[in-house]
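Working notes, structure below.
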Amino acid sequence: MSESPLQGQDGSGAPVRPGQLTVRNLVKTFASRQETVQVIKDVSFTIEPGQFFTLLGPSGCGKSTTLRCIAGLERGDRAHIAVSGRVLADTDTGAFVPASDRDFGMVFQSYAIWPHMTVAQNVAFPLHANRRRHQLSRKEVGERVEEALALVRLDQFGGRIATKLSGGQQQRLALARALVTRPDLLLLDEPLSNLDAGLRDHMRGELRAMQLRTGVTTLYVTHDQSEAFSMSDVIAVMDAGVLAQQGAPRDIYWRPSTAFVATFVGQTNLLSVVRPPLQAGSGILSVETTIGPLLVNVASERPIGPGDSVVIRPEDLQVTREPPLDGRANVFRGRVRRPTFLGENIELEIEIGSELLMTRQHPRFAFGAGDEVYVELPVDRCVAVSGAAAGVGSHIRGTIGDPAAPHTNAAQ
Ligand SMILES: Nc1ncnc2c1ncn2[C@@H]1O[C@H](COP(=O)(O)OP(=O)(O)OP(=O)(O)O)[C@@H](O)[C@H]1O
Ligand SMILES: [Mg+2]
């Protein structure tokens, strides 16, 4: 892929480089006799050439529908979609390139290899199916197939019947078949979800290594945050048909912008905001929460107030028996309620006033149930987000047990 910018033919006038995907104002409605549901609500994003970009979100939020609109398998009610400056769909002009002419590599959850063909025949299939466009000699087809099989480390298996491969090998075959046309864009919809857990972890590494070797721009769809974190340059978190936040994995994790994003990626503590800060604007502001005033990072100019939350990750709380040095902000007295020794760390629930915060600490710290402790919520780790946790209460996703249950694992 060349690095030189092409002058944009996508209508925006902006320079466009090979492998760049632009999606603007994508809206998609499904109508049945009973109801009409808008499942994609004005989604826009750009994937830069060579990026590994992941759409991450819960089941039913519209990830596959977005991908299918990009592939040309669905038509948006409204959309402007362009790859490498080539307009593929534009509802203003009526432009629409059919899926078969979009030349993307695609792998879906059910990766549908041809069972009666050999591995090499499977890989060559897209080149034969689209012979007119690819115009390759038999020798060139052979070379392309070898190249694609080598990319996924299946070069020893070309002559084997495709069904006589393991699950992971079949997955790699599907990838080779998607890459053989040297596409500008690779679309992957939960391609690892049929594999067992061990193989899935292994294939994440393989897939990312292959993507880096080829430099192919990749749009990956998953509901699995570890997949998203381990492979992506950019993650876009999707919630009910809208992009809630887009950013590098670390930004999504440490600087979530909404309570939904914070709770969807990893465990977190959410404290309810009870009064807006005295001072408006962004930066480090004092915010009244259910445990008292907290200095927190406010990233947006949108005013925060009741109905919003402060996020702090469990591993960021600092717990000590002795009071921290004078002058530290965000320090509270608390009581350990439930210590759970997990080997690599110790998980503690700590009561601060009427709130319960969860934290993970080094397992060397032998905290026991009922211990009085000091808890510091480091200012740079406290982030104000819009919205509150779904459901009643303010805090942790998933792990608060029944308070009446006996302590079965007190780490003394
Ligand atoms: N052809 C269709 N007709 C009607 N509704 C549809 C159709 N395809 C998808 N939907 C609805 O659109 C919504 C989004 O579906 P989509 O498949 O995009 O979700 P997803 O984020 O990929 O979920 P999952 O993680 O479960 O694959 C869902 O509510 C789904 O039921
Ligand atoms: Mg899906």
Q | So V287, is it in the same structural domain as E349 (by TED's automatic domain parsing) and under 18 Å from V311 (Cβ atoms) | A | yes
**Q.** Boolean, A71 is on the phi > 0 side of the Ramachandran plot and within 16 Å of ligand 2 (Cβ to nearest atom)
**A.** no
Q: Could you please tell me which pairs satisfy a Cβ distance under 6 Å, a separation of 6+ or placement on different chains, a first residue in segment 51-67 that is free of Cβ contacts under 8 Å to residues at least 60 places away in the same chain, and a second residue that is outside any loop (DSSP other than H, G, I, E, B)?
A: T65/K28; T65/V39; T65/I40
Q) Counting only residues that are under 29 Å from the mean Cα position of the chain (by Cα) and among the small types (G, A, S), which one in segment 282-319 is nearest to L342 (Cα to Cα)? A) S309
Q) When you scan segment 345-360, how many residues do you find that are in contact with a strand residue (DSSP E or B) (Cβ under 6 Å, 6 or more places away or on another chain) and closer than 18 Å to C382 by Cβ? A) 7
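Do you know which of the residues in segment 355-383 that are outside any helix (DSSP H, G or I) and of a type in the set (K, R) is farthest from R335 (Cα to Cα)?
Taking segment 355-383 first, the residues outside any helix (DSSP H, G or I) are 355-378, 382-383.
Add one more test, that the residue is of a type in the set (K, R), and what stays is 360, 364.
Values: R360: 15, R364: 18 Å.
It comes out as R364.
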Q. For segment 301-338, which residues satisfy the criterion of being touching a strand residue (DSSP E or B) at 6+ places or on another chain (Cβ under 8 Å) and within 18 Å of Q245 (Cβ to Cβ)?
A. R302, I304, D308, S309, V310, V311, I312, R313
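Any idea which of L154, L127, L136 is buried (at least 19 other Cβ atoms within 10 Å of the Cβ) and more than 27 Å from R204 (Cβ to Cβ)?
Values: L154 fails: more than 27 Å from R204 (Cβ to Cβ); L136 fails: buried (at least 19 other Cβ atoms within 10 Å of the Cβ).
Going through L154, L127, L136 in turn, the sole match is L127.
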Q: Run down T54, T46 and say which single residue is touching a strand residue (DSSP E or B) at 6+ places or on another chain (Cβ under 6 Å), within 16 Å of ligand 1 (Cβ to nearest atom) and under 23 Å from A248 (Cα atoms).
A: T54
Q. Do the conditions hold for L175, that is, is it more than 22 Å from the chain's Cα centre (by Cα), within 21 Å of S100 (Cβ to Cβ) and in contact (Cβ under 8 Å) with a residue 24 or more places away in the chain?
A. no
Q) D90: at pLDDT below 95, in contact with a Gly (Cβ under 9 Å, 6 or more places away or on another chain) and away from ligand 2 (no atom under 16 Å from the Cβ), yes or no? A) no
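Scan segment 313-345 for residues that are part of a strand (DSSP E or B) and either over 30 Å from V298 (Cα atoms) or touching a Ser or Thr at 6+ places or on another chain (Cβ under 7 Å) (or both) and jot them down. Break it down stepwise before answering.
At the first step, the residues of segment 313-345 found to be part of a strand (DSSP E or B) are 318-320, 331-341.
V319, R337, R338, P339, T340, F341, listed by residue number.
The values are calculated or read from the model by the stated rules, or taken from the named source; none is laboratory data. On a predicted model such as this, the values are computed, not experimentally measured, just so you know. Cβ coordinates were reconstructed from backbone atoms using ideal geometry, including for glycine residues, and neighbour counts include every protein chain displayed.
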